[in-house]
1. How big is segment 122-259 in terms of Cα radius of gyration and Dmax, in angstroms?
2. When only DSSP loop residues count, what chymotrypsin sites (Phe, Trp or Tyr not before Pro) in segment 513-552 have their Cβ near at most 16 other Cβ atoms within 10 Å?
3. For segment 122-259, what % of the accessible area comes from carbon and sulfur atoms, probe 1.4 Å?
4. Which pairs in the list K281/K654; K581/K620; K290/K349 are over 20 Å apart, alpha-carbon to alpha-carbon?
5. For segment 122-259, what is the relative contact order in percent, using Cα pairs closer than 8 Å and at least 6 residues apart in sequence?
6. May I ask you to give the solvent-accessible area per residue for segment 122-259, in square angstrom, as obtained with a 1.4 angstrom probe?
7. Any chance you could run the full-extension gain for R700 through R2? It's 0.36 nm times the residue separation minus the Cα-Cα distance, nm to one decimal.
8. Sort 548-558, 214-224, 374-384 by the packing proxy (mean of other Cβ within 10 Å over each peptide's residues), most packed first.
Amino acid sequence: DRQTLVAVLQFLRRSNLRESEEILRREARLLGDDLGGNVATVATSSPGVAAVAAVPPGKGETRGHCGVCPFSRREPREVGSSCAARSLRGSPLCWDTRVGAVVVEDQPDVSAVLSAYNQQGDPTLYEEYYSGLKHFIECSLDCHRAELSQLFYPLFVHMYLELVYNQHESEAKSFFERFHGDQECYYQDDLRVLSSLTKKEHMKGNETMLDFRTSKFVLRISRDSYQLLKRHLQEKQNNQIWNIVQEHLYIDIFDGMPRSKQQIDAMVGSLAGEAKREANKAKVFFGLLKEPEFDVPLDDEDEEGENEEGKPKKKKPKKDNVGSKSKKQDPNAPPQNRIPLPELKDSDKLDKVMNMKEAARRVRLGPECLPSICFYTFLNAYQGLTAVDITDDSSMIVGGFADSTVRVWSVTPKKLRSVKTAADLSLIDKESDDVLERIMDEKTASELKILYGHSGPVYGTSFSPDRNYLLSCSEDGTVRLWSLQTFTCLVGYKGHNYPVWDTQFSPYGYYFVSGGHDRVARLWATDHYQPLRIFAGHLADVTCTRFHPNSNYIATGSADRTIRLWDVLNGNCVRIFTGHKGPIHSLAFSPNGRFLATGATDGRVLLWDIGHGLMVGELKGHTDTIYALRFSRDGEILASGSMDNTVRLWDAVKAFEDLETDDFTTATGHINLPENSQELLLGTYMTKSTPVVHLHFTRRNLLLAAGAYSSQ
């Protein structure tokens with residue numbers, strides 16, 4: 001494109017970048033002739049200078065081809081650096097970079113983002129281009145067809161947006177109508193949003209559109225399939241499609257057999273395609289922390305129980321691992337002092353002792369011994385039940401409601417009491433043995449306490465492990481910390497500007513996490529009013545959050561249909577899991593910290609191996625959104641609760657045994673899921689008409705479930 005080159009050369013001259021101008025002049029012939037050949041760009045050290053060099057394709061690496069550098073579509077500030085945005089190996093990082101810096105994926109200026117669509121392709125030929133490629137892919141060999149079919153959706157979206165941006169409205173409409181039916185069913189919701197963008201003006205404020213434009217859509221394709229595609233596009237001189245492939249797609253090439261349709265379908269479906277393989281390579285310390293040792297006056301019964309079971313880990317429900325031999329340091333565990341954790345108080349030690357006594361009487365679950373289930377139904381919940389949590393010792397249950405209230409119930413005969421007033425407290429003998437009992441005001445005893453303070457529906461609730469505090473988060477953008485001694489609000493944490501969908505205490509207390517409509521998750525400490533970490537990276541709302549049992553990592557599920565694992569220490573994203581076909585609504589870590597279970601609106605439960613960063617199972621059975629997941633205390637059983645009014649129990653031991661995680665699988669992501677998950681289903685339990693919103697295993701492995709009866 002001579003005009004482009006001339007424009008760039010003039011700009012370089014005006015900016016006194018003579019050296020770059022000379023290099024570009026020399027290479028112009030090469031750039032023009034070898035369309036997308038082995039031209040990779042090299043970021044040079046002097047600021048604003050981009051050099052171009054021929055790099056032979058290396059073995060097994062990801063390569064992006066620079067082809068005709070579409071300089072003309074950049075804003076002037078980026079011109080000097082846009083070629084330098086590719087790394088030495090030519091992997092297409094993100095265009096929006098600063099020279100010499102690591103890629104910065106900021107939310108860029110809207111007009112700058114959209115200007116990339118300012119292409120001068122002939123609008124009438126778009127349908128021809130697309131149907132030509134479609135014909136080619138459909139006629140290719142079966143082994144390549146499945147892989148190349150992944151191109152249909154991102155190309156369809158970008159070509160449509162390009163037509164709309166350049167105001168070819170009738171062509172855009174006809175293009176959409178002709179090809180939208182060819183897309184995979186799990187993209188229907190996105191296509192519905194897309195169909196409403198019919199004018200250039202609509203694109204300015206549309207978030208989905210911006211995400212699609214700024215984040216490269218990732219496709220994982222074998223080298224053979226990629227070469228086939230490249231050859232076809234070059235023979236056909238199909239520059240329009242080739243430009244989109246280079247500009248907007250990130251093709252992650254691997255050496256080896258192409259993947260089958262089943263393998264691809266299991267992994268795709270998120271807003272930005274699959275995760276790059278590089279994203280799941282970082283080391284994750286998924287082991288459990290060593291339990292602090294303290295002397296416990298054990299009686300015979302307890303001693304015997306402990307010897308059988310090993311010393312149990314205490315704290316949050318599903319975080320408890322009885323089988324864990326906490327005497328030895330787990331080789332996969334993080335260093336004990338990797339993040340500062342609160343010291344154990346005397347009351348915590350007492351609680352641990354209680355926990356061990358309970359653990360000695362714990363029922364060993366398995367396919368032959370399923371748990372009893374106790375269901376707490378919220379009747380006449382006209383306020384609209386939106387969140388539930390149960391304390392670790394199963395003594396209290398809390399409901400968050402759409403009328404902005406938080407209601408706490410005692411589910412034991414012991415009533416809820418507040419601390420006496422200051423005047424009354426001054427009369428108490430502080431040295432007496434039962435001082436903790438005396439400070440409570442019997443007149444306030446009741447089995448229900450209502451907490452007022454939020455100004456919108458309450459979407460998430462979480463008890464602290466020591467049962468002294470309660471968190472709630474709401475549509476009003478705040479997270480509130482309530483005292484369960486006085487039943488009053490202690491702090492309102494303001495950081496999210498939009499609704500906060502979920503919050504959860506760390507299994508060690510002190511830290512908590514929140515996630516919301518602003519697409520970020522925040523890590524807080526109860527004594528700081530500002531967040532300690534902000535985890536940014538999701539392309540849509542963060543809908544659910546969970547701490548890893550060792551508290552060093554946080555998992556977040558999002559409406560962008562991905563799950564991310566974040567390192568609390570440095571705020572980095574260390575895992576990205578794709579495969580769900582709808583927003584994620586539930587997460588659960590296995591008690592040993594090795595696995596993660598996730599549930600979404602697609603009615604599937606997916607199982608992930610955290611260490612290898614791979615999907616290792618898919619549990620099908622539910623017919624509606626899965627809002628609750630929980631592992632039993634020993635990790636033998638996974639319980640799932642759904643809007644389809646059922647609780648299902650799955651054999652977790654069988655699901656995780658004989659996992660094939662050899663080097664080839666980890667390197668290429670060729671996952672082999674068992675065909676039939678029905679073999680893992682141990683039981684299905686229907687409610688009359690109550691969607692299940694929360695599940696909890698007691699310390700003795702009784703399963704508690706909760707939900708609000710719906711009369712429809």
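1. 14.8, 45
2. Passing sites in segment 513-552 are Y529.
3. Its accessible area is 48 percent carbon and sulfur atoms.
4. Among K281/K654; K581/K620; K290/K349, the Cα-Cα distance tops 20 Å for K281/K654.
5. 31
6. 41
7. Full extension of this stretch gives 243.8 nm more.
8. My ranking of the peptides, most packed first, is 548-558, 214-224, 374-384.
The values are calculated or read from the model by the stated rules, or taken from the named source; none is laboratory data. What you see is a predicted model, and the numbers here were worked out from it, not measured in a lab. Reconstructed Cβ throughout: ideal geometry from the backbone, glycine too, with neighbour counts over all protein chains shown. Surface areas here come from the heavy atoms of the whole protein model, side chains and all, with no ligands, DNA or RNA. Shrake-Rupley method; radii C 1.70, N 1.55, O 1.52, S 1.80 Å.
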